Amino acid sequence: MHLLHPQARYRPYTHASGGWGSAQSVMTILWREQALQRAPLALLRQNKPNGFACVSCAWAKPGNPHALEFCENGAKATAWELTTYRTGPDFFEQHTLTELRDWSDYALEQHGRLTHPLRYDPASDRYLPTRWAQAYHDIGAQLRQLSPNEVVFYASGRASLEASFMYQLLARAYGTNNLPDSSNMCHESTSVGLQESIGVPVGTVTLADFELTDCLFFFGQNVGSNSPRMLHPLQAARKRGVPVITFNPIRERGLERFVNPQSPGEMLGPQSTVISTQYHQVAIGGDTAAVIGMAKHLLAMDQLARADGQPAVLDHDFIAEHTQGFEAFVAEVQRHPWAELERCSGLSRSALEAAATVYARSQRVMVVYGMGMTQHRHGVENVQMLVNLLLMRGNIGKPGAGICPVRGHSNVQGQRTVGITEDPAKVPGDKIEQLFGFKVPPLKGTSTVDACAGVIEGSIKGFIGLGGNFLRAVPDTHRMEPAWSNLELHVEVATKLNRTHLVPGKRAWLLPCLGRIEMDRQDEVEQVYSTEDSTGCVHGWKGTSEPAGEHLRSEVAIIAGLAEATLGDRVRIPWAAWRRDYALIRAAIGEVYPQIFHDMESRMWEPGGFHRPLPASQRQWKTDSGKAQFIAPRSLNEDSDVEIDPTRRDVLQLMTIRSNDQFNTTVYGYDDRFRGVKGTRSVIFLNHSDVIRLGLAPGDWVTLRTAIEPEVRRQVGPFQIIAYDIPAGCAAAYYPECNALVPLWHHAERSKVPAAKSVPITLHAALPSAADRAHELARSDQVV
Ligand SMILES: Nc1nc2c(c(=O)[nH]1)N[C@H]1C(S)=C(S)[C@@H](COP(=O)(O)OP(=O)(O)OC[C@H]3O[C@@H](n4cnc5c(=O)[nH]c(N)nc54)[C@H](O)[C@@H]3O)O[C@H]1N2
Ligand SMILES: Nc1nc2c(c(=O)[nH]1)N[C@H]1C(S)=C(S)[C@@H](COP(=O)(O)OP(=O)(O)OC[C@H]3O[C@@H](n4cnc5c(=O)[nH]c(N)nc54)[C@H](O)[C@@H]3O)O[C@H]1N2
Ligand SMILES: [Mo]
């Protein structure tokens, strides 16, 4: 029976990250996408002046790029977009949406680029080709019939600054601030936490700081898969002897060892670079306790040093001059005994003291972090706890030091900067009124989880998606999908077919757009575009490949078309002129945000981009108190309100994570090379003692059930058990397959980021059903 079912092939990966494995993985996808002709040329221009911005992650683009300034996953993203496969009207003639809902995420996108504007036809349950002008006209008419606050304008984080600026103007001129974006599921905990602590919503470090730092901390970020180009400055820092201290429940390969696949010497030699000098396998949700433990040791060392007449360990001058809240923070730290900190963090006192000792010896410390921090109930407090640690020794606002959130989508930070936010207080309403003749609506709009709740309740009736795969990325997918079909209006602007497109509202359109790698010509004139990276640098780019089809439109053109059809001349925005010349959009961005974007047209071509002003990095604190704030956490438990009866030993904490073969809901393949898994994503990683204790064995099949709110059945699987090096009580499985397990209300309290890194679950023995087996088999056939 099992012959039919692809078994999880698991063999621990013993090589470094990067290296030959990486080169081979890139070649496989170039070949599979038949992109060998187009992609290699394109790759030479990736992240280069006069080239295009990688469509993968948001990591900084250096001013003096390497000959090949891309990574394994950036190359995969390029190949995926430049594929020669196409999903045209003939495809939709052959398949109803009901039928396509059985296809995997992989199969849908792998089928190739969308080529024609499409309208959903409920009678035949198919997408039918339509003309652009007709689509704009029909969508505009629908929008005018809905009330503005019933419509959500979602953005996924890839669209350029130009398209994003226009998109938020369209939503606001139409009459709503319902502008959630993927940040709402990602780094919104950063935007809320850092703003309150240090007065900026973004990180304070740039690439130059990597060259000056003398100590790096990594919390909950998987650099090897999700921002691999960062491995280059990291490797350089390690070669200088800079210690790297990592907190992560699992031993991620990229944080252990690295071979630069672009260095012939390293590829042929035996040496890889050790990345982490200390690796602490913290329990899921145990970071606050871990950092408090370090703070406790720093305070103890400081007292001892001062009693001995030695130099202080803390930077007392900085604390006195620049911060507020230190005493309350110290009181909170001292309130927790070591035994409690050890229990909550899953780490020993001596391990935490070792980390604190290296911190104390270093003069310029950076803290890098990702989703392991932000996607918890106390995600905001987690971020603020990292700031507290830095403030203790004045590690913000000096060269080589600072806080470094690693953003996700390549322009997600920039989208926020140019106004894609549900909070009208964050946009310059007076400027907008003066320039464009309309008032920014005063009512706060919906975040992602609010939008989901609105769809379930019926208060949201229209959804426009500028990229993304909303229904697959949000929590509680099994509750969301049935509600989604009640939408009156559903419009998606996309490059490839995905699950969200297959659950159409009553009236639905699927509009195909150019990708960023492609040349964007408006009335024969080539256009350039801009993005902001994870370190607050703004760059100019231009597409270099021929478009995937003659009917594709740019995102800017599509937004202009929708705006004209919806708003007529209700506002003074020259949509048509902007569409013809993107420089005019940049000029308008400069007028609305002069401090950041003045003279953008020339500055965006500076090597390395231009850096937006960040007062915190100059030790100017734009907080309520005018100081940097120590903010004491309210609880050690990062997910306290879902605490389960401690006598229930069957409940595990699940983190939903990314494989090395995906970009969010885009699945490039079924291998997770660094974690040693081949051929499947239907696996759950468990501690061996938990497996035995629960009466199971490695290789067994289990379904996963959410252990909170039992009256709602949330279940996925079956998945196969892999006994793995992960702390007892913790479990890991892949996003988006597990999203149905995350209750919609289970989100960070103050930022509303779904708490996808800590879902209490129970396991239930299962065998894959015949249908599951057939499904997996069909799917494995689709994998070349
Ligand atoms: N190739 C590729 N690149 C990507 C993406 C992709 O899917 N593929 N996605 C992009 C996007 S949108 C984003 S936001 C980023 C995401 O990049 P990351 O921030 O790296 O996100 P994840 O892969 O979800 O996992 C985060 C890490 O947190 C750890 N972790 C989980 N829970 C905890 C915890 O409680 N404490 C600690 N200390 N660690 C924990 C996990 O083991 C994992 O290593 O990457 C971007 N870049
Ligand atoms: N359980 C769980 N859930 C999570 C997460 C998690 O770690 N765990 N992570 C969260 C995070 S960090 C994020 S950022 C979200 C991601 O959520 P989204 O941003 O909504 O999802 P993506 O998978 O990035 O979207 C992929 C789709 O974007 C479209 N696309 C690709 N390129 C372009 C383009 O250039 N233009 C346009 N218009 N469309 C394009 C394609 O059609 C593709 O199918 O998911 C979140 N959900
Ligand atoms: Mo993200």
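Please treat every number below as a calculation from the coordinates, not as lab data. None of the values given here were measured: they were computed from a predicted structure. Cβ coordinates were reconstructed from backbone atoms using ideal geometry, including for glycine residues, and neighbour counts include every protein chain displayed.
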Find how many whole Å separate the alpha carbon centroid of segment 698-773 from the alpha carbon centroid of segment 90-138. 31
The distance between the Cα centres of segment 35-62 and segment 383-428, in whole Å, is 25
In terms of the charge dipole of the chain, which places +1 on Lys and Arg and -1 on Asp and Glu at the beta carbon, the residue among 330, 276, 154 farthest towards the positive end is 276
Compute the separation of the alpha-carbon centres of segment 297-357 and segment 584-631 and state it in Å as a whole number. 34
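Can you bin segment 109-174 into rounded, prolate or oblate? Criterion: square roots of the alpha carbon gyration tensor eigenvalues sorted a ≥ b ≥ c, rounded for a/c under 1.5, prolate for a/b above b/c, oblate for the rest. Mind showing how you got there, number by number?
Values: a/c = 2.06, a/b = 1.24, b/c = 1.67.
Cα axes put segment 109-174 in the oblate bin.
Does segment 300-342 come out rounded, prolate or oblate, given a ≥ b ≥ c as the square roots of the eigenvalues of its C-alpha gyration tensor, rounded meaning a/c under 1.5 and, failing that, prolate meaning a/b above b/c? Provide the component values of the computation, followed by the final result.
Numbers: a/c = 3.19, a/b = 1.24, b/c = 2.58.
Oblate.
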Within-15-Å neighbourhood charge of residue 567 [Cβ basis; K, R +1; D, E -1]: +4
Computed label-point distance, nm, for sites residue 86 and residue 767 using a 7 Å Cα→Cβ extension: 4.7
Per 0.36 nm of contour for each residue apart, how much would the distance between residue 526 and residue 316 grow if the chain were fully extended, relative to their Cα-Cα spacing? 70.0 nm
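Calculate the dipole size of segment 163-297 relative to its Cα centre from +1 charges on Lys and Arg beta carbons and -1 charges on Asp and Glu beta carbons; express the result in debye to the nearest 20.
Details: 9 positive and 10 negative charges, 56 e Å.
In total the dipole reaches around 260 debye.
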Using the crude model of +1 on Lys and Arg Cβ and -1 on Asp and Glu Cβ, and no other charge, please compute the dipole size for segment 67-171 relative to its Cα centre, in debye to 20. 280
Can you pull out the trypsin sites (Lys or Arg not before Pro) in segment 484-515 whose DSSP state is coil and whose Cβ has at most 14 other Cβ atoms within 10 Å? 506
The exposure ranking of 297, 378, fewest beta-carbon neighbours within 10 Å first, is 297, 378
Can you tell me the length gained on complete extension of the stretch residue 649 to residue 349, counting 0.36 nm per residue apart and subtracting the Cα distance? 105.5 nm
Members of 76/398; 439/627; 48/426; 76/678; 439/496; 239/752 lying beyond 28 Å, as alpha-carbon distances in this model show: 76/398; 439/627; 48/426; 439/496; 239/752
May I ask for the net charge around residue 503, where only other residues with Cβ less than 9 Å from the Cβ of residue 503 are counted and Lys, Arg are +1 while Asp, Glu are -1? +1
Row for segment 611-686, column shape: gyration tensor on C-alpha, a ≥ b ≥ c, rounded if a/c < 1.5 i.e. under 1.5, prolate if a/b over b/c, else oblate; value oblate
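Can you give the charge dipole size of the chain about its Cα centre, rounded to the nearest 20 debye, using +1 on the beta carbon of Lys and Arg and -1 on the beta carbon of Asp and Glu? Kindly include the intermediate steps, with their values, before the conclusion.
Numbers: 78 positive and 83 negative charges, 153 e Å.
The calculated dipole for the chain is roughly 740 debye.
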Top positive-direction residue, dipole computed over the chain with Cβ charges, set 540, 41, 135: 41
